[in-house]
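Participant: This is the structure I want to talk about, given as structure tokens.
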Amino acid sequence: MNTVLDSEVEQIFDEIKLLVNSSRNKIYTAVNTEMLNLYWNIGKMIMNMQGSLERAEYGDKLLESLSKKLTKEFGRGFSGRNLRNMRKFYMSFKIWQTLSTELSWSHYLELIKIEEQNKREFYMHEAMNARWSVRELQRQRDSLLYERLIISKDKDKVLDLSRKGQEIKTGKDLIKDPFVLEFLDIKENSNYIESDLEQSILNHLKEFLLELGRGFMFVGSQMRITIEEDHFYPDLVFYNRLAKCFVIIDLKIGKLTHADLGQMQMYVNYYDREIKSEFENKTVGILLCTNKNETVVKYALPKDNESIFASTYKLHFPTSQELIREIEKEKQYMELYKGDKMSE
């Protein structure tokens, strides 16, 4: 009898739990929407007020005076700094309909720090699509995710990044260059080996999945492949549910060789022929290395290659200058590649 009673109580508990959580989410959404609407309208009013003032200094004094009166009337939340943030919030998103109420005020405080509109809109869409926390948004912005993605994009696709965020349809959409692995806390010039790098990634798998991007699921490490009597062990295997494909990652320290590319080609072929289902897309292989060696990549892989990619990784947040150098190298490689195709 107790077992039946416990079962009924457990069932009712689960149903009430779902109801309470659903209600809380609706309340949070409603409150968040009203808060954003309030701050946006306050920002609009401040902007309209200060826009009519010729002297910026006088406008700032007016803002401080307004802050004191609002704080006295309503309490905390209306400091001069917060009012300036509300003004910038409105200036950054002048059309209310372009805002997402899925994001919190804390998210928008990070987004309004981004001056370039296309970049700001990209991070807004990605924060929505990937459900980033505020800390994750900060990390992706600081790691220059937008700049890393546009390295391999043409102008039309760069514009799409700002309109929709990152779209993942093919294996190539999964690639960044470089990948940023600062969370591993490995010193750039330390004498670490590939097994150390792999173990550190496994120890920080949650952070590594965030860096890989949306849709990734971990399958395993050192997944054995047996061909006749020989055994091979790819470092890391993932599955991406958006691209609907397996993703094999091999870690390389130093300059990439044609043997590394040949081995990855074998891994990809094996997964395509023995592991993946008919409804899944072709396996993607990523060689994550410290030195990509563009010329070896060019001649070791077929020109119509869409399955195997080489990307560099960095153990620190890249600087703008470093990314500019990467972009220039990628442009030179693409021009050389296009030139070879035209000469055929």
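The values are calculated or read from the model by the stated rules, or taken from the named source; none is laboratory data. Here the structure is a predicted model, which means the values were calculated and not measured. When we count neighbours, we look across all protein chains shown, and the Cβ atoms used for this are built from the backbone with ideal geometry, even at glycine. The protein model used for the area step is the full one, side chains on, heavy atoms only, and it has no ligands, DNA or RNA in it. Shrake-Rupley method; radii C 1.70, N 1.55, O 1.52, S 1.80 Å.
Participant: Any residue in region 193-205 that's part of a loop (DSSP other than H, G, I, E, B): show its pairings with residues that are open to solvent by less than 40 Å² (accessible area, probe 1.4 Å) at Cβ separation under 9 Å, as long as the two are six or more apart or on different chains.
Facilitator: Filtered contacts from region 193-205: His204/Leu181; His204/Phe183; His204/Leu184.
Participant: Please determine whether any residue of region 251-259 is of a type in the set (Val, Ile, Thr), at pLDDT below 95, part of a loop (DSSP other than H, G, I, E, B) and within 24 Å of Glu194 (Cα to Cα). I'd like the intermediate steps shown before the answer.
Facilitator: So in region 251-259, the residues of a type in the set (Val, Ile, Thr) come out as 253, 257.
Checking which are at pLDDT below 95 leaves us with 253, 257.
From the residues that got through so far, the ones that are part of a loop (DSSP other than H, G, I, E, B) too are 257.
Still in the list and also within 24 Å of Glu194 (Cα to Cα): 257.
Yes, region 251-259 contains a residue that is of a type in the set (Val, Ile, Thr), at pLDDT below 95, part of a loop (DSSP other than H, G, I, E, B) and within 24 Å of Glu194 (Cα to Cα).
Participant: Only one of (1) within 24 Å of Thr312 (Cβ to Cβ); (2) in contact with a Leu (Cβ under 7 Å, 6 or more places away or on another chain) fails for Arg139. Which number is that?
Facilitator: (2)
Participant: Could you check Glu126 against (1) over 20 Å from Tyr313 (Cα atoms); (2) surrounded by fewer than 20 Cβ atoms within 10 Å (Cβ to Cβ) and say which number it fails?
Facilitator: (2)
Each row is one residue, and each column tells you yes or no for (1) within 27 Å of the chain's Cα centre (by Cα); (2) open to solvent by 50 Å² or more (accessible area, probe 1.4 Å).
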| site | (1), (2) |
| --- | --- |
| Glu198 | yes, no |
| Leu212 | yes, no |
| Asp230 | no, yes |
| Pro234 | yes, no |
| Leu242 | yes, yes |
| Glu280 | yes, no |
| Asn293 | yes, no |
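Participant: While we're on this one: Based on this model, can you work out whether Tyr146 counts as out of contact with any strand residue (DSSP E or B) (no Cβ under 6 Å at 6 or more places or on another chain), among the aromatic types (Phe, Trp, Tyr) and touching a residue at least 60 places away in the same chain (Cβ under 8 Å)?
Facilitator: Considered against the rule, which asks whether it is out of contact with any strand residue (DSSP E or B) (no Cβ under 6 Å at 6 or more places or on another chain), among the aromatic types (Phe, Trp, Tyr) and touching a residue at least 60 places away in the same chain (Cβ under 8 Å), Tyr146 comes out as no.
Participant: Also: Applying the selection to region 269-323, what residues are among the polar types (S, T, N, Q) and part of a loop (DSSP other than H, G, I, E, B)? Walk me through it before giving the result.
Facilitator: Pass one, region 269-323, residues among the polar types (S, T, N, Q): 269, 277, 281, 283, 290-291, 293, 295, 305, 307, 311-312, 319-321.
Selection gives Ser277, Asn281, Thr283, Asn293, Asn305, Ser307, Thr319.
Participant: How many of the residues in region 57-97 are loosely packed, with under 14 Cβ neighbours inside 10 Å and aromatic (Phe, Trp, Tyr)?
Facilitator: Count: 3.
Participant: Based on this model, can you work out whether Ile186 counts as open to solvent by less than 70 Å² (accessible area, probe 1.4 Å), in a loop (DSSP other than H, G, I, E, B) and within 20 Å of Ser307 (Cα to Cα)? If you could, list the steps in order and put the result at the bottom.
Facilitator: Working: open to solvent by less than 70 Å² (accessible area, probe 1.4 Å): yes; in a loop (DSSP other than H, G, I, E, B): yes; within 20 Å of Ser307 (Cα to Cα): no.
Considered against the rule, which asks whether it is open to solvent by less than 70 Å² (accessible area, probe 1.4 Å), in a loop (DSSP other than H, G, I, E, B) and within 20 Å of Ser307 (Cα to Cα), Ile186 comes out as no.
Participant: Is there a residue in region 264-278 that is surrounded by fewer than 16 Cβ atoms within 10 Å (Cβ to Cβ), closer than 30 Å to His316 by Cβ and free of Cβ contacts under 8 Å to residues at least 12 places away in the same chain?
Facilitator: Step one: list which residues in region 264-278 are surrounded by fewer than 16 Cβ atoms within 10 Å (Cβ to Cβ), which gives 266, 269, 273-275, 277-278.
Applying the additional criterion that residues be closer than 30 Å to His316 by Cβ yields none.
So far as region 264-278 goes, no, none of its residues is surrounded by fewer than 16 Cβ atoms within 10 Å (Cβ to Cβ), closer than 30 Å to His316 by Cβ and free of Cβ contacts under 8 Å to residues at least 12 places away in the same chain.
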